[in-house]
1. Within the set of other residues whose C-beta is less than 15 Å from the C-beta of A:A507, count the net charge using Lys and Arg as +1 and Asp and Glu as -1.
2. Scan segment B:1-78 for GluC sites (Glu not before Pro) in coil per DSSP, keeping those whose Cβ has at most 11 other Cβ atoms within 10 Å, and list them by number.
3. Among A:G348, A:M200, A:N262, whose Cα projects farthest towards the positive end of the dipole of chain A, with charges put on the beta-carbon of Lys, Arg (+1) and Asp, Glu (-1)?
4. Under the rule of at least 5 residues apart or a separate chain, name every residue whose amide H is placed under 5 Å from the amide H of A:S460.
5. Taking the Cα atoms of segment B:12-148, report the difference between the largest and smallest coordinate on each principal axis, in whole Å and largest first.
6. Lys/Arg Cβ at +1, Asp/Glu Cβ at -1, dipole of the protein assembly as shown taken about the Cα centre: which of A:F331, A:V20, A:G140 is farthest positive-ward?
7. Which pairs, out of A:K86/B:K76; A:K150/B:K76; A:K86/A:K139; A:K86/A:K447, put more than 25 Å between their alpha-carbon atoms?
8. Treating only the Cβ atoms of Lys and Arg (+1) and Asp and Glu (-1) as charged, compute the dipole magnitude of segment A:386-462 about its Cα centre; round to the nearest 20 debye.
Amino acid sequence: MVAERVVKDLQALGVDLEEVPYERRGYCFDGRVQREGILGVAEAFDQHGYFIEDVLCVDFVNELELVYHFNHWEDPRRFSIRVRVKPSDPEVPSISSVYPGAGWHEREIHEFFGVRFKGHPNLAFLFLHPEIEAYPLRKGHVPIPEEDRKVLEGRQPEGEEESFWINMGPQHPSTHGVLRLLLKMRGEFIEEIEPILGYMHRMQEKMAEVRTYIQYYPNTARLDYVGPLAFSMCFVGALERCCGVEVPERAQMIRLITLELNRIASHLLWLGTYLLDLGAATPYFFAFDDREAILDILEGLTGSRLTYCYYRIGGVYEDLNDGFLQKVEEFIGRMRKRLKDYDELVTGNAIFIGRTRGVGVLPKEMARRFGVTGPNLRASGVGYDVRISEPYAGYRIFGPEIAVRGGCDCYDRYLVRLDEIRRSLDLLEKAIRRVPEGPSRAERIPKKPPEGDVYFATESPRGEVGIYIVSDGSDRPYRLKWRSPSFSNFVSFTELGRGMLIADAVATLGSLDLVVPEMDR
Amino acid sequence: MEVRGPLIRFGLLEELLNLARANSLWPMTFGLACCAIEMMATTAARFDLARFGAEVFRPSPRQCDFMIVSGTITRKIAPVVRTLYEQMASPKWVVAFGNCAISGGPFVFENQYNIIEGVDKIIPVDVYVPGCPPRPEALIEALLKLQEKLTGVRRFPVPERRW
């Protein structure tokens, strides 16, 4: 297996490696390395085909800990590599030369914690407002020093003779929310992309540290409002994992059904808005009509249309109501008929094919270096899905069939999402016949999680959502970090979009299915 | 925040103009966060905002009559929202859609560093719609309220209270 080979390589590099129980921690190997060694470690992971999942930082007051998560598509055993630095000298070599995706996480850490990454090409503000005075996620008030502020204010886009800068967003109908891109153009072609994020940065991670677990929980649904249940599931699942709560089977199955319904609703919303971006208005009305049918079902169960707060630690809030399963069954029939309409209307449409086939080609290798997941990855021919690799909720009982396509382009990303709707319907059909009797909530739930850290991943409609919680044994998280799929997917666009026509950039950006508040957190 | 009306008024003509304005209010295509999804749902097949003369979403602020502020106002987006408002041609109106636009909603906590607690701190607001997020029916009601503000007459009867 790949993991054993990489373990050998890491030990040769002087990494202090330890195997940890996956059931409690959510990762399989825990390694410590001196800061000088991190670049070598990243190279070793790169050689074995690992992808970068996340880079994050935890402030332990007298030390700053950087945590790098690496994972493999075929051998999904997560590695957690830690580097500790003193706050007085927070300098770490950057691994952005090996994993360009990690460079973006590093940039985030730099502005939130003040860790300087040696050899990073650009450490300017990404999320934060330039008027910020102190590092927001440091414990206590740590003002930004002058020399760091100069780095953060960064380079200004310079005009060159034959190229010019064009500003796309933050109010642009096709950026789906408030995303801003500075595009360096040479005629109609894009030379360089400089994203400016943080227009919807709502301090989710800071808020988690201020509030208790239960107080913070409703806000998890406001991260990704298109597929909120995957985020709720992730938060609840992480706490269940570190507390060792057994969830009754009935609750597991209810979770599976609601998660899949939510996935279909999310894909439908994507379908409608993406085609609207490409100039087709009719599918938008079709898709929203079908989406309303799902929202009706979910509203009956959870009480809200959009930002659900339905899962609880150890189960779900309310048991299924009368007629829920029947309504789902009716919906499956309706949706199957509707999918034929979509095929007739869109799939074979010459204009649609012309605008998407061969556009925005995201090769496997690029996806790996940026940590792209979800349908975008599956359209690049990789069958990686957290529902299969780390089954949670009802997926332990039966997993979905994964839809994979190898075209890597926008057209295949569309096909994969349509396939996923079909597979989700099949899964729902199986699930509604096999909802076991029994309680829908565990009896005993601990009030506070034990000390330590935990990782939990779920498959949202956009890719792998991860949560990393460091607990100090109190009722508030010491540090909570989201791995948002849209962020990793989006940063690949900075390389993907190079050399592209500006009209194709709209088609490509839309096909990545971004949700901005989830990216900005 | 106060907005001064036009310098010269034309009495009856003004009323007629307002009647025309009220029946074709053009909103701006500007989604911020979660509430924007409900805004989109309102324009789609089931709720169909077009029934009330407000279906023409315009991406350019210069062609719009009113702005639906649908989401949290962060410190970074605040100047953008303000610019968009200033770019709109008078007469113009603003709907604060959702708790975030009203007061910061669920994202307010002590020593928060990045949000503006309410859009009325930067631009004047005509109609407030509470909810997190508000339902599409609430946006339709907001539109009716705005029309009432313009013409002085409510277009549809207020639904009877049944509780």
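1. That sum, taken over residues with Cβ under 15 Å, equals -2.
2. For GluC sites (Glu not before Pro) across segment B:1-78 that sit outside H, G, I, E and B with at most 11 neighbouring Cβ atoms in 10 Å, the list reads B:E2.
3. Most positive-ward Cα: A:N262.
4. A:V465
5. 51, 32, 24
6. Positive-end residue among those listed: A:F331.
7. Values: A:K86/B:K76 31 Å; A:K150/B:K76 19 Å; A:K86/A:K139 14 Å; A:K86/A:K447 33 Å.
In this structure, A:K86/B:K76; A:K86/A:K447 exceed 25 Å between Cα atoms.
8. Working: 15 positive and 13 negative charges, 58 e Å.
Once rounded to the nearest 20, the dipole reads 280 debye.
Values quoted throughout were computed directly from the atomic coordinates according to the rules given, and no laboratory measurement underlies them. Quantities reported herein were computed from a predicted structural model and do not represent experimental measurements. Glycine gets a Cβ as well: all are built from the backbone with ideal geometry, and neighbour counts include every protein chain shown.
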